[in-house]
Amino acid sequence: MASFAAPLYAPQNPFDPAQLDLLNAEIPPIWMADGEWPFLLGTDTQGRDILSAILYGSRSSIVIGIASVALSLAIGLILGLIAGYYGGLADTALMRLGDVLLSIPTILIAILVSAIARQALPPERRDVGAAGVLVLAITMSAWVQYARTVRAQTAVERRREYVQAARLLHVPARRIMFRHILPNTLTPIFVAATLNFGMAILTEARLSFLGIGMPPSQPSLGTLIRLGNQFLFSGVWWVVLFPVVQLCLLVVSVNLLGDWLRDALNPKLR
(Lines give C-alpha, C1' and ligand atoms only; values in the text may rest on other atoms or scores of the structure.)
Protein backbone atom coordinates (compact mmCIF):
# COMPACT_ATOMS: atom_id res chain seq x y z
CA MET A 1 0.00 0.00 0.00
CA ALA A 2 2.97 2.32 0.54
CA SER A 3 3.58 2.46 -3.23
CA PHE A 4 0.15 3.99 -3.85
CA ALA A 5 0.99 6.86 -1.50
CA ALA A 6 4.41 7.40 -3.14
CA PRO A 7 3.59 10.92 -4.43
CA LEU A 8 3.06 12.02 -0.82
CA TYR A 9 6.47 11.10 0.61
CA ALA A 10 8.80 9.90 -2.17
CA PRO A 11 11.90 12.15 -2.45
CA GLN A 12 11.09 12.83 -6.11
CA ASN A 13 8.90 11.84 -9.02
CA PRO A 14 11.54 9.73 -10.79
CA PHE A 15 9.73 9.92 -14.12
CA ASP A 16 9.47 13.70 -14.24
CA PRO A 17 12.51 14.95 -16.24
CA ALA A 18 12.30 18.34 -14.53
CA GLN A 19 13.17 16.72 -11.16
CA LEU A 20 16.26 14.87 -12.43
CA ASP A 21 19.76 16.28 -12.08
CA LEU A 22 22.77 14.61 -13.70
CA LEU A 23 24.94 16.02 -10.91
CA ASN A 24 23.19 13.52 -8.62
CA ALA A 25 23.96 10.55 -10.88
CA GLU A 26 25.39 7.29 -9.48
CA ILE A 27 25.20 8.32 -5.81
CA PRO A 28 25.58 5.16 -3.68
CA PRO A 29 23.19 4.19 -0.85
CA ILE A 30 23.12 6.46 2.19
CA TRP A 31 25.13 4.08 4.41
CA MET A 32 28.13 4.14 2.05
CA ALA A 33 30.91 6.73 2.18
CA ASP A 34 29.67 8.86 -0.72
CA GLY A 35 25.97 8.51 0.08
CA GLU A 36 23.85 11.65 0.24
CA TRP A 37 20.51 12.58 1.75
CA PRO A 38 17.69 12.14 0.69
CA PHE A 39 18.78 9.34 -1.66
CA LEU A 40 18.48 6.46 0.81
CA LEU A 41 19.07 3.73 -1.78
CA GLY A 42 21.22 5.81 -4.10
CA THR A 43 20.59 7.06 -7.63
CA ASP A 44 21.01 5.72 -11.15
CA THR A 45 23.03 7.11 -14.05
CA GLN A 46 20.37 9.77 -14.74
CA GLY A 47 20.12 11.03 -11.18
CA ARG A 48 16.87 9.15 -10.54
CA ASP A 49 16.27 8.24 -6.89
CA ILE A 50 16.17 4.43 -6.63
CA LEU A 51 13.75 4.39 -3.68
CA SER A 52 11.30 6.63 -5.53
CA ALA A 53 11.64 4.55 -8.69
CA ILE A 54 10.91 1.37 -6.72
CA LEU A 55 7.81 2.88 -5.10
CA TYR A 56 6.42 4.13 -8.40
CA GLY A 57 7.42 0.95 -10.21
CA SER A 58 5.79 -1.25 -7.56
CA ARG A 59 2.56 0.66 -8.05
CA SER A 60 2.60 -0.12 -11.77
CA SER A 61 3.32 -3.82 -11.15
CA ILE A 62 0.59 -4.13 -8.51
CA VAL A 63 -2.03 -2.37 -10.66
CA ILE A 64 -1.25 -4.61 -13.64
CA GLY A 65 -1.37 -7.69 -11.40
CA ILE A 66 -4.74 -6.73 -9.88
CA ALA A 67 -6.26 -5.85 -13.26
CA SER A 68 -5.10 -9.07 -14.92
CA VAL A 69 -6.33 -11.23 -12.03
CA ALA A 70 -9.70 -9.45 -11.98
CA LEU A 71 -10.19 -9.83 -15.74
CA SER A 72 -9.07 -13.46 -15.87
CA LEU A 73 -11.23 -14.20 -12.82
CA ALA A 74 -14.30 -12.70 -14.50
CA ILE A 75 -13.71 -14.65 -17.71
CA GLY A 76 -12.95 -17.87 -15.88
CA LEU A 77 -16.03 -17.61 -13.66
CA ILE A 78 -18.41 -17.03 -16.55
CA LEU A 79 -16.96 -19.73 -18.81
CA GLY A 80 -16.62 -22.20 -15.95
CA LEU A 81 -20.25 -21.72 -14.90
CA ILE A 82 -21.47 -22.19 -18.49
CA ALA A 83 -19.36 -25.30 -19.04
CA GLY A 84 -20.26 -26.90 -15.71
CA TYR A 85 -23.96 -26.06 -15.77
CA TYR A 86 -24.84 -26.92 -19.36
CA GLY A 87 -22.22 -29.57 -20.08
CA GLY A 88 -22.31 -31.15 -23.52
CA LEU A 89 -20.73 -29.36 -26.47
CA ALA A 90 -20.12 -26.11 -24.55
CA ASP A 91 -18.24 -27.98 -21.84
CA THR A 92 -16.16 -29.95 -24.34
CA ALA A 93 -15.24 -26.93 -26.46
CA LEU A 94 -14.27 -24.70 -23.53
CA MET A 95 -12.27 -27.35 -21.74
CA ARG A 96 -10.40 -28.40 -24.89
CA LEU A 97 -9.52 -24.76 -25.49
CA GLY A 98 -8.26 -24.63 -21.92
CA ASP A 99 -6.18 -27.78 -22.47
CA VAL A 100 -4.54 -26.23 -25.52
CA LEU A 101 -3.65 -23.06 -23.60
CA LEU A 102 -2.31 -25.06 -20.65
CA SER A 103 -0.04 -27.03 -22.99
CA ILE A 104 1.72 -23.81 -24.02
CA PRO A 105 4.05 -22.10 -21.51
CA THR A 106 2.48 -19.00 -20.01
CA ILE A 107 5.37 -16.76 -20.99
CA LEU A 108 5.06 -17.78 -24.66
CA ILE A 109 1.34 -16.98 -24.73
CA ALA A 110 2.01 -13.63 -23.08
CA ILE A 111 4.81 -12.82 -25.56
CA LEU A 112 2.62 -13.75 -28.54
CA VAL A 113 -0.38 -11.72 -27.37
CA SER A 114 1.81 -8.78 -26.42
CA ALA A 115 3.59 -8.78 -29.80
CA ILE A 116 0.33 -8.98 -31.78
CA ALA A 117 -1.36 -6.27 -29.73
CA ARG A 118 1.63 -3.94 -30.03
CA GLN A 119 1.72 -4.37 -33.80
CA ALA A 120 -2.00 -3.64 -33.99
CA LEU A 121 -1.60 -0.33 -32.11
CA PRO A 122 -0.32 2.82 -33.83
CA PRO A 123 3.31 3.61 -32.88
CA GLU A 124 2.29 6.71 -30.92
CA ARG A 125 -0.16 4.69 -28.83
CA ARG A 126 2.07 1.75 -27.93
CA ASP A 127 3.58 3.27 -24.80
CA VAL A 128 0.20 4.59 -23.62
CA GLY A 129 -1.48 1.22 -24.11
CA ALA A 130 1.41 -0.86 -22.74
CA ALA A 131 -0.34 -1.57 -19.43
CA GLY A 132 -3.53 -2.69 -21.17
CA VAL A 133 -1.57 -4.97 -23.49
CA LEU A 134 0.18 -6.57 -20.52
CA VAL A 135 -3.13 -7.15 -18.73
CA LEU A 136 -4.57 -8.79 -21.86
CA ALA A 137 -1.47 -10.92 -22.36
CA ILE A 138 -1.48 -12.23 -18.78
CA THR A 139 -5.26 -12.79 -18.83
CA MET A 140 -5.13 -14.97 -21.94
CA SER A 141 -3.13 -17.60 -20.10
CA ALA A 142 -4.54 -17.17 -16.58
CA TRP A 143 -8.30 -17.58 -17.01
CA VAL A 144 -8.06 -21.33 -17.66
CA GLN A 145 -7.32 -22.27 -14.04
CA TYR A 146 -10.35 -20.36 -12.78
CA ALA A 147 -12.59 -21.85 -15.46
CA ARG A 148 -11.53 -25.42 -14.69
CA THR A 149 -12.00 -24.94 -10.94
CA VAL A 150 -15.45 -23.34 -11.30
CA ARG A 151 -16.51 -25.91 -13.89
CA ALA A 152 -15.69 -28.80 -11.52
CA GLN A 153 -17.53 -27.15 -8.62
CA THR A 154 -20.53 -26.28 -10.79
CA ALA A 155 -20.80 -29.81 -12.16
CA VAL A 156 -21.18 -31.03 -8.56
CA GLU A 157 -23.49 -28.26 -7.36
CA ARG A 158 -25.95 -28.55 -10.26
CA ARG A 159 -26.98 -31.99 -8.95
CA ARG A 160 -27.78 -30.67 -5.47
CA GLU A 161 -31.34 -30.56 -4.20
CA TYR A 162 -31.50 -26.77 -4.00
CA VAL A 163 -30.62 -26.51 -7.71
CA GLN A 164 -33.20 -29.14 -8.63
CA ALA A 165 -35.81 -27.29 -6.58
CA ALA A 166 -34.95 -24.01 -8.33
CA ARG A 167 -35.38 -25.68 -11.71
CA LEU A 168 -38.79 -27.04 -10.70
CA LEU A 169 -39.79 -23.50 -9.80
CA HIS A 170 -38.68 -22.39 -13.29
CA VAL A 171 -35.97 -20.09 -11.95
CA PRO A 172 -33.94 -18.79 -14.93
CA ALA A 173 -30.66 -20.62 -15.50
CA ARG A 174 -28.69 -17.37 -15.25
CA ARG A 175 -30.09 -16.69 -11.80
CA ILE A 176 -29.40 -20.26 -10.66
CA MET A 177 -25.79 -20.01 -11.80
CA PHE A 178 -24.97 -16.59 -10.35
CA ARG A 179 -27.23 -16.46 -7.29
CA HIS A 180 -27.14 -20.06 -6.08
CA ILE A 181 -24.19 -21.97 -7.53
CA LEU A 182 -21.52 -19.25 -7.76
CA PRO A 183 -21.37 -18.41 -4.00
CA ASN A 184 -20.58 -22.07 -3.27
CA THR A 185 -17.56 -22.03 -5.61
CA LEU A 186 -15.83 -18.87 -4.41
CA THR A 187 -13.63 -20.24 -1.61
CA PRO A 188 -11.09 -22.08 -3.82
CA ILE A 189 -11.34 -19.29 -6.38
CA PHE A 190 -10.30 -16.61 -3.87
CA VAL A 191 -7.29 -18.68 -2.83
CA ALA A 192 -6.27 -19.29 -6.45
CA ALA A 193 -6.68 -15.59 -7.26
CA THR A 194 -4.37 -14.59 -4.41
CA LEU A 195 -1.66 -17.02 -5.49
CA ASN A 196 -2.05 -16.09 -9.16
CA PHE A 197 -1.64 -12.43 -8.24
CA GLY A 198 2.00 -13.12 -7.42
CA MET A 199 2.41 -15.06 -10.67
CA ALA A 200 0.88 -12.16 -12.62
CA ILE A 201 3.43 -9.77 -11.11
CA LEU A 202 6.25 -12.15 -12.06
CA THR A 203 4.91 -12.54 -15.61
CA GLU A 204 4.72 -8.77 -16.00
CA ALA A 205 8.29 -8.45 -14.70
CA ARG A 206 9.54 -11.08 -17.16
CA LEU A 207 7.84 -9.38 -20.11
CA SER A 208 9.13 -5.96 -19.08
CA PHE A 209 12.63 -7.38 -18.59
CA LEU A 210 12.49 -8.75 -22.14
CA GLY A 211 11.57 -5.30 -23.42
CA ILE A 212 7.96 -6.01 -24.44
CA GLY A 213 6.31 -4.77 -21.26
CA MET A 214 6.16 -1.34 -19.66
CA PRO A 215 8.23 1.38 -21.39
CA PRO A 216 11.00 3.34 -19.61
CA SER A 217 8.72 6.39 -19.44
CA GLN A 218 6.30 4.55 -17.09
CA PRO A 219 8.31 1.59 -15.80
CA SER A 220 7.38 -1.24 -13.51
CA LEU A 221 9.75 -3.33 -11.41
CA GLY A 222 10.60 -5.45 -14.45
CA THR A 223 11.59 -2.39 -16.45
CA LEU A 224 13.74 -1.09 -13.60
CA ILE A 225 15.54 -4.43 -13.42
CA ARG A 226 16.10 -4.43 -17.19
CA LEU A 227 17.52 -0.89 -17.14
CA GLY A 228 19.66 -1.57 -14.09
CA ASN A 229 21.00 -4.82 -15.49
CA GLN A 230 23.02 -2.81 -18.01
CA PHE A 231 25.12 -1.38 -15.16
CA LEU A 232 25.45 -4.55 -13.09
CA PHE A 233 29.20 -4.92 -13.73
CA SER A 234 30.02 -1.20 -13.80
CA GLY A 235 30.07 -0.79 -10.03
CA VAL A 236 26.58 0.75 -9.80
CA TRP A 237 25.16 -2.47 -8.35
CA TRP A 238 22.40 -0.81 -6.31
CA VAL A 239 20.53 0.20 -9.48
CA VAL A 240 19.53 -3.42 -10.14
CA LEU A 241 19.83 -5.03 -6.69
CA PHE A 242 17.11 -3.11 -4.85
CA PRO A 243 14.40 -3.52 -7.53
CA VAL A 244 15.16 -7.28 -7.53
CA VAL A 245 14.83 -7.42 -3.75
CA GLN A 246 11.55 -5.49 -3.89
CA LEU A 247 10.14 -7.85 -6.52
CA CYS A 248 11.09 -10.90 -4.43
CA LEU A 249 9.59 -9.44 -1.25
CA LEU A 250 6.39 -8.49 -3.05
CA VAL A 251 5.85 -11.94 -4.56
CA VAL A 252 6.75 -13.76 -1.33
CA SER A 253 4.32 -11.56 0.64
CA VAL A 254 1.50 -12.31 -1.80
CA ASN A 255 2.21 -16.06 -1.67
CA LEU A 256 2.24 -16.02 2.14
CA LEU A 257 -1.11 -14.22 2.07
CA GLY A 258 -2.45 -16.90 -0.28
CA ASP A 259 -1.24 -19.69 2.01
CA TRP A 260 -2.84 -18.01 5.03
CA LEU A 261 -6.11 -17.52 3.17
CA ARG A 262 -6.14 -21.14 2.04
CA ASP A 263 -5.67 -22.34 5.62
CA ALA A 264 -8.24 -19.88 6.99
CA LEU A 265 -10.94 -20.89 4.50
CA ASN A 266 -10.32 -24.63 4.69
CA PRO A 267 -12.69 -26.09 7.33
CA LYS A 268 -10.59 -29.27 7.57
CA LEU A 269 -7.69 -27.27 9.03
CA ARG A 270 -9.70 -25.50 11.74
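Tabulated results
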read-out	value
Test result for S217, open to solvent by 60 Å² or more (accessible area, probe 1.4 Å) and more than 17 Å from S253 (Cβ to Cβ)	yes
Region 218-237 residues that are touching a residue at least 60 places away in the same chain (Cβ under 8 Å), paired with ones that are surrounded by 21 or more Cβ atoms within 10 Å (Cβ to Cβ) and assigned to a loop (DSSP other than H, G, I, E, B) (beta carbon under 6 Å, 6 or more apart)	S220/M214; G222/G213; T223/M214
Check on M140, closer than 30 Å to V252 by Cα, open to solvent by 60 Å² or more (accessible area, probe 1.4 Å) and either in contact with a Leu (Cβ under 9 Å, 6 or more places away or on another chain) or among the acidic types (D, E) (or both)	yes
Criterion: out of contact with any helix residue (DSSP H, G or I) (no Cβ under 6 Å at 6 or more places or on another chain) and of a type in the set (G, A, S) - qualifying residue of A173, A193, A205, A166	A173
Members of region 157-186 that are surrounded by 14 or more Cβ atoms within 10 Å (Cβ to Cβ) and of a type in the set (D, E, K, R)	E157, R158
Single condition S103 does not satisfy, out of (1) surrounded by 14 or more Cβ atoms within 10 Å (Cβ to Cβ); (2) farther than 25 Å from P216 by Cβ; (3) under 26 Å from the mean Cα position of the chain (by Cα)	(1)
Residue among R206, R179, R174, R167 that alone is in a helix (DSSP H, G or I), in contact (Cβ under 8 Å) with a residue 12 or more places away in the chain and charged (D, E, K, R)	R206
Close pairs (7 angstrom Cβ cut-off, 6 or more residues apart or separate chains): in a helix (DSSP H, G or I) and surrounded by 14 or more Cβ atoms within 10 Å (Cβ to Cβ) in region 12-24, small (G, A, S) and at pLDDT 75 or above anywhere	N24/G47
T154 hydroxyl-bearing (S, T, Y), in a helix (DSSP H, G or I) and open to solvent by 20 Å² or more (accessible area, probe 1.4 Å)	no
Considering residues of region 25-40 that are out of contact with any helix residue (DSSP H, G or I) (no Cβ under 8 Å at 6 or more places or on another chain) and hydrophobic (A, V, I, L, M, F, W, C) only, the residue most open to solvent (accessible area, probe 1.4 Å)	W37
Answer from A93, A83, A74 - the residue that is touching a Lys or Arg at 6+ places or on another chain (Cβ under 8 Å), assigned to a helix (DSSP H, G or I) and at pLDDT 80 or above	A83
Of all residues in region 227-237 being assigned to a loop (DSSP other than H, G, I, E, B) and open to solvent by 30 Å² or more (accessible area, probe 1.4 Å), the one that is nearest to I50 (Cα to Cα)	W237
Qualifying position, being surrounded by 15 or more Cβ atoms within 10 Å (Cβ to Cβ) and closer than 20 Å to P105 by Cα, among L202, L241, L247, L224	L202
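Every residue, every condition in (1) at pLDDT 80 or above; (2) at positive phi; (3) among the basic types (K, R), yes or no:
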site: V133; (1), (2), (3): no, no, no
site: L136; (1), (2), (3): yes, no, no
site: M140; (1), (2), (3): yes, no, no
site: W143; (1), (2), (3): yes, no, no
site: V150; (1), (2), (3): yes, no, no
site: R160; (1), (2), (3): yes, no, yes
site: A166; (1), (2), (3): no, no, no
site: P172; (1), (2), (3): yes, no, no
site: R175; (1), (2), (3): yes, no, yes
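Condition check ((1) part of a helix (DSSP H, G or I); (2) modelled with pLDDT under 85; (3) touching a Phe, Trp or Tyr at 6+ places or on another chain (Cβ under 9 Å); (4) farther than 21 Å from L136 by Cβ) across all residues:
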site: P188; (1), (2), (3), (4): yes, yes, no, yes
site: V239; (1), (2), (3), (4): yes, yes, yes, yes
site: L247; (1), (2), (3), (4): yes, no, no, yes
site: D263; (1), (2), (3), (4): yes, yes, no, yes
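The values are calculated or read from the model by the stated rules, or taken from the named source; none is laboratory data. Keep in mind the model is a prediction, meaning the values are calculated, not measured. Positions of Cβ are generated from backbone atoms using ideal geometry, with glycine treated the same way; all protein chains shown enter the neighbour counts. Accessible surface areas use protein heavy atoms only, side chains included; no ligands, DNA or RNA. Shrake-Rupley method; radii C 1.70, N 1.55, O 1.52, S 1.80 Å.
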